[in-house]
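A short worksheet on the structure shown next.
The values are calculated or read from the model by the stated rules, or taken from the named source; none is laboratory data. This one's a predicted model, so the numbers in the text were calculated from it and none came from an experiment. In this analysis, Cβ positions are derived from the backbone assuming ideal geometry, glycine residues included, and neighbour counts consider all displayed protein chains.
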Amino acid sequence: MIQELFYLDNENTERCFSNPPMIVKENKQSPLLGCAGIVPVRNLVERLGIASVLDSHISVLKRHNPYFESDHILTFVYNFLTGGEVINDIERLQESEGLVKILGTERIPDPTTAGDFLVRFATNDIEDFQSAFEQMQDTAFSLLDRKRKEMATIEHDSSIHQVYGEKKEGADYAYENTYGYNVQYVTLAETGDVLHQELREGNSYSSYGFSAILPGILDRVGEHFKHLRYRADSASYDKAIVGPCEERGVEFYISADHTKRLMRDVLAIDEHAWKPYRSMKLAGKKKQSSGKKRKKRKNQKKKVQDRRKPNRERRGKTEIASLFYQPTGWEKPYRYIVKRTEVVDKYGQQYLEDGLCKYLYHIIVTNNFEASDTQAMHIGQARANQENLIKDFKYGLGLSHVPTGFFLANQIYFKIAALAWNIKTWMLNLLTVGDGAVLRFKRFLYLWINHACAVSKTGRNTVVIRMDPGEYHSRYAKALDAIARL
């Protein structure tokens, strides 16, 4: 028996949704637009001078008839910021009379023209785009509120973008036997900005070439923020990466490789030196002061695991300690924070390995000698949020799909996507309407972009936006005022 999914009033037995008959007619009045939030985006693009910066740095077109380089790039940006996930989605922009009026243009590049534009980029042109990208970001950083400039945590990682086509230049099998590209991401934890992003061949090592660009990133970010941190996984466990941080007085937190020599020193730590460790999740919990306690729900995942693998290894209590250690070839010893977790059976008895108690180890190397072991470990493990950011970047902008068969064309496409991502971040952070480091891309589209309006023009060529009154209309007007005051 199928149950009705309607809420019924005690006094009214009719369904909530009556579904009246409909008639569909063409709208012959003011054109409608489903992405009213593109107006604040357009105003922010104008305030930051993005078009002029792009045109002054990039020159790949022999003639500007009728489009400039900035027209093509901003077409991709507006496609991303209106929910487009492939190049052909640009057709939506072309067919939107309201969007054409808002952008003050007569035409928008065709998807095939936009794709041909990507193929024009050579290596030096991509470097020019990166210079323009950094200049725009510096302008945005200069407009940030002073409170947000206290700390900047630079994070580095890479991700595999799988491809399924057989004619993709640069695609190769990665370390996990996945055929695709390896994309390097350098992000800013406090703001959510992408500082540097590069699509590379699939078999590239995560930190390959990073030591060459890290000094420039540290210097550029250091001009805008008071304190700097660098945080990365074990792929960056290298003296060539630690060196630039030390020279500039930058704190670093890097996961260490478990070498035999290091593990020998770890196993030699006195048992009395190990202290109980509280994770960030447990440390952040607040005690309920009053009121009825909420009933704790059962861990369903653990229940399934216990049923399927009753003899599996389980994790027991976690402890933390530290030591000083100098890796081979490094200039001096550093502080190593070691977290160990017991491996136990279903009865809570610890497993033995070679006659010794079995543990899982996580080790972080840092040049912070003041924070406690637990505080330093919390800072290092907070890097896990970058994985969420990368995942959101990949799937929020549709970059699980690599658009063309040409390596450099795909590389510039990904960099334009990074620009679109940063414009979303700048809008949230500069206008203080959200947190660019937290708000996910699809949620941003829902809250700010995907709202309906009617678009018309006055006799003086002024664009008029009409939308329903309410909470969004109020936020919308405040956002436009905030951009005007930047």
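Residue under question is Q137, and the condition is that it be within 26 Å of G436 (Cα to Cα), touching an Asp or Glu at 6+ places or on another chain (Cβ under 7 Å) and either assigned by TED's automatic domain parsing to the domain that holds K226 or modelled with pLDDT of 95 or more (or both); does it hold? Considered against the rule, which asks whether it is within 26 Å of G436 (Cα to Cα), touching an Asp or Glu at 6+ places or on another chain (Cβ under 7 Å) and either assigned by TED's automatic domain parsing to the domain that holds K226 or modelled with pLDDT of 95 or more (or both), Q137 comes out as yes. The residues of region 245-261 that are more than 14 Å from Y336 (Cα to Cα) and in contact with an Asp or Glu (Cβ under 9 Å, 6 or more places away or on another chain), listed by number, are C245, E246, R248.
Counting only helices (runs of 4 or more DSSP H) wholly contained in region 382-486, the ones carrying 3 or more residues that are touching a Ser or Thr at 6+ places or on another chain (Cβ under 9 Å) occupy 384-396, 407-430.
Would a scan of region 465-486 turn up a residue that is free of Cβ contacts under 8 Å to residues at least 40 places away in the same chain, under 24 Å from R148 (Cβ atoms) and within 17 Å of the chain's Cα centre (by Cα)? There is no residue in region 465-486 that is free of Cβ contacts under 8 Å to residues at least 40 places away in the same chain, under 24 Å from R148 (Cβ atoms) and within 17 Å of the chain's Cα centre (by Cα). The residue of region 93-103 that is nearest to the chain's Cα centre (by Cα), among those that are surrounded by fewer than 18 Cβ atoms within 10 Å (Cβ to Cβ) and either touching a residue at least 12 places away in the same chain (Cβ under 8 Å) or not assigned by TED's automatic domain parsing to the domain that holds A452 (or both), is Q94.
With a requirement of 2 or more residues that are in contact with a strand residue (DSSP E or B) (Cβ under 7 Å, 6 or more places away or on another chain) and over 18 Å from V402 (Cβ atoms), the helices (runs of 4 or more DSSP H) lying completely within region 81-195 that satisfy it span 97-103.
Conditions tested, residue by residue: (1) crowded, with 20+ Cβ neighbours inside 10 Å; (2) among the hydrophobic types (A, V, I, L, M, F, W, C); (3) over 19 Å from the mean Cα position of the chain (by Cα).
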{"residue": "R231", "(1), (2), (3)": "yes, no, no"}
{"residue": "K239", "(1), (2), (3)": "no, no, yes"}
{"residue": "V242", "(1), (2), (3)": "yes, yes, yes"}
{"residue": "F252", "(1), (2), (3)": "yes, yes, yes"}
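Per the listing L188, L195, L144, the residue uniquely in contact (Cβ under 8 Å) with a residue 12 or more places away in the chain, aliphatic (A, V, I, L, M) and surrounded by fewer than 21 Cβ atoms within 10 Å (Cβ to Cβ) is L144.
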